[in-house]
Amino acid sequence: MRTQLVMQLAAPVAYDLNGEDLGKYKSVKPLFDQWSHVADVCGKVTDSLLNACLEALRADASLEAQQAQTKIATWRDARAAGDTPPLSKLPGL
């Protein structure tokens, strides 16, 4: 379930949003009234979750942990290049 959360935070989609102006929604505070800011915050949460996972994996010398670290690094590189490929379930996530 946490892997799915990471995926959705990495590529958030506002299904009910026409454009990027969130100011029309009641009680939305500045900065969060711009979709680009919301997406940026979601990306930072994704990075924090993956960093916590990597920290746990570094303490594990198993082959599975090493493979998971490689998957995360590859996925992050793709995301940095503008792609968000599916992320397979990871140990600890």
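Determine by what factor the alpha-carbon radius of gyration of the chain differs from 2.2 N^0.38 Å, reporting the quotient.
Relative to the 2.2 N^0.38 Å estimate, the chain comes out at 1.27.
Using a probe of 1.4 angstrom, how much of the accessible area of the chain is carbon and sulfur, in percent?
Within the chain, the accessible surface is 56 percent carbon and sulfur.
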| What is the set of long-range amide H partners of Gln34 at a cut-off below 5 Å, with H atoms built 1.01 Å from backbone N? | Leu22
| remark: Given a 1.4 Å probe, the accessible area of the chain per residue, as a whole number of Å², is 68
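The values are calculated or read from the model by the stated rules, or taken from the named source; none is laboratory data. Just so we're clear, the structure is a prediction, and the values are computed from it rather than from any experiment. Areas reflect the complete protein model, heavy atoms only, side chains present, ligands, DNA and RNA absent. Shrake-Rupley method; radii C 1.70, N 1.55, O 1.52, S 1.80 Å.
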